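Structure first, then comments.
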Amino acid sequence: MKWGICGAGFVSQDFCTALRLLNHEDHQITAVAARDIDRAWKFANEYKIPKAFGCYEDLAKEPTVDVVYIGVINTEHCRLSLMMLNNNKHVLCEKPATMNLMQLQKVINTAKEKKLFFLGGLWSRFFPAYEKIRSALNSKTLGEVRYVEAEFGRPIIHSPRLHKPELGVDKCASIILIYKGGRMTNLMYHTEIQAKNNAVIYGTKGLIEVPCPFWAATKVKINGDEMEFPLPTKDAKFNFINTAGFSYEAECVRTCIENGQLECPLFPHSEAITMMTIMDEVRRQLGVKYDVDDIEP
C-alpha cells in the first residue's frame with residue numbers, strides 16, 4: 001500500500017518512523033506535502049520519499065498514492081480530508097478527525113459516497129494493551145462496569161498553540177458523564193499541572209488499571225495481574241511518547257483497505273459520531289464555541 005503524508009510536522013515524522021517498523025512491501029511512502037516546498041523536500045529527503053509538494057492539492061492528485069495520512073493542525077482536518085476523498089484517496093486523519101459533529105458527518109458521508117476508507121486516528125484502540133482490556137470487559141472479568149476515571153495533565157501552557165486562538169486554545173476541564181443505571185465516568189485534562197496520566201475501570205468484580213501513558217499503554221493491570229506489551233521500536237527515535245504504536249494503527253488501515261472495508265471495526269463511524277456528539281455537548285456546557293461551528297463544511 002502506498003502512503004501520502006499530508007503535513008511535515010513532528011507527528012508526521014513519528015508516523016513515518018512507525019511505518020518503517022512494518023514490512024516495507026506492505027507500507028511504502030510515495031509522496032509528502034507541506035505548506036512550502038523546501039520543508040516538504042527536507043522531510044522527503046529525511047524519510048527517502050520520492051515526491052514532495054508545496055501544496056496539498058498536488059498530493060491529492062498524485063496517482064501513486066493510495067491512502068493519505070493527515071497530520072496537520074486540527075482546524076485543517078475536515079478541509080483536507082474532504083480534499084483527499086474527493087480525489088479518490090483513502091484517508092487516515094489524525095485525531096480529532098474534525099472540529100465538530102457537522103464536519104465529521106460531512107466527511108463520513110463523503111467517504112461513503114465515494115466508497116473510500118476513512119478513519120479518525122484514535123490510535124489508542126489499536127494497542128495490544130487495549131485489545132486485552134476489551135477482552136476482559138467482554139468476558140465480564142470485572143463484572144458490570146460501574147465507574148471509569150482518566151486524567152491527562154502536563155505543564156505545557158507555554159506552548160503557543162495553547163494560548164493563541166488561531167492555533168487552538170485549551171487549558172483545563174473536568175468532565176463527568178452519567179449513563180443509565182447510575183454508571184459514571186470522570187475525566188480531567190489540564191495544561192498547567194503534571195497529572196498521573198492514568199486510567200482506572202471499576203467493575204462489580206474488580207478493576208483494570210492503565211498506567212501512564214494511558215492513551216498509548218504498554219502495560220495494564222487486571223485485578224492485580226500486570227501484563228506488559230512492549231513496543232516494536234527497533235531503536236527508532238520518536239518525538240512523542242510511545243508513538244511507535246502508530247504502527248498498530250497503520251497496519252489495521254492496510255488490512256481494512258485490502259479487505260474492501262470502508263471503516264475500521266475497532267473504531268467504526270457510529271462510535272466516532274457518538275464521541276463527537278459528546279464533545280460538542282461538552283463544549284456547549286463549557287461555553288466554548290469554534291468559528292467553524294456556524295459554517296457548513
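Only the coordinates and a few stated rules stand behind these numbers; no lab work does. Because the structure is predicted, anything quoted here is derived from the model rather than measured. All Cβ positions, glycine included, derive from the backbone under ideal geometry; neighbour counts span all protein chains shown.
Would you compute, from DSSP H runs of 4+ residues alone, the mean residue ellipticity of the chain at 222 nm, taking -39500 (n - 2.57) per run and dividing by the full residue count, rounded to the nearest 500? Present the calculation step by step, with values, prior to reporting the outcome.
Values: 8 runs with 91 residues, N = 297.
It lands at -9500 deg cm²/dmol.
Angle between the Cα long axis of helix 77-86 and the longest principal axis of the chain, 0 to 90 degrees, nearest 10?
That helix lies at roughly 50 degrees to the long axis.
Within a 10 angstrom radius of the beta carbon, how do Cys55, Cys252, Cys16, Cys212 rank from fewest other beta carbons to most? Write out the running numbers ahead of the final one.
Working: Cys55 13, Cys252 20, Cys16 24, Cys212 16.
The most exposed by this proxy come first: Cys55, Cys212, Cys252, Cys16.
Could you identify which residue out of Cys172, Cys78, Cys93 has the top mean-square fluctuation in a GNM of the chain using Cα springs shorter than 10 Å?
The residue with the greatest mean-square fluctuation here is Cys172.
For the charge dipole of the chain, defined by +1 on Lys and Arg C-beta atoms and -1 on Asp and Glu C-beta atoms about the Cα centroid, which residue among Thr204, Leu231, Thr218 has the Cα displaced farthest towards the positive pole?
Result: Thr204, furthest along the dipole toward the positive end.
In percent, how large is the relative contact order of the chain, given Cα pairs closer than 8 Å and 6 or more residues apart? Write out the running numbers ahead of the final one.
Working: 566 pairs, mean separation 56.0, N = 297.
Computed over the chain, the figure is 19 percent.
Provide Ser270, Ser81 in ascending order of the number of other Cβ atoms located within 10 Å of each residue's Cβ, fewest first. If you can, show how the numbers build up before the last one.
On the way: Ser270 10, Ser81 29.
Starting with the residue having the fewest Cβ neighbours, the order is Ser270, Ser81.
Give me the angle, in degrees from 0 to 90, between the Cα long axis of helix 128-138 and the longest principal axis of the Cα atoms of the chain, rounded to the nearest 10.
For helix 128-138, the angle is close to 40 degrees.
Mind pulling the angle between the C-alpha long axis of helix 37-46 and the longest principal axis of the chain? Nearest 10 degrees, somewhere in 0 to 90.
70
Using a 10 Å cut-off around each Cβ, can you sort Met84, Met99, Met227, Met275 from fewest to most neighbouring Cβ atoms?
Details: Met84 30, Met99 24, Met227 12, Met275 18.
The most exposed by this proxy come first: Met227, Met275, Met99, Met84.
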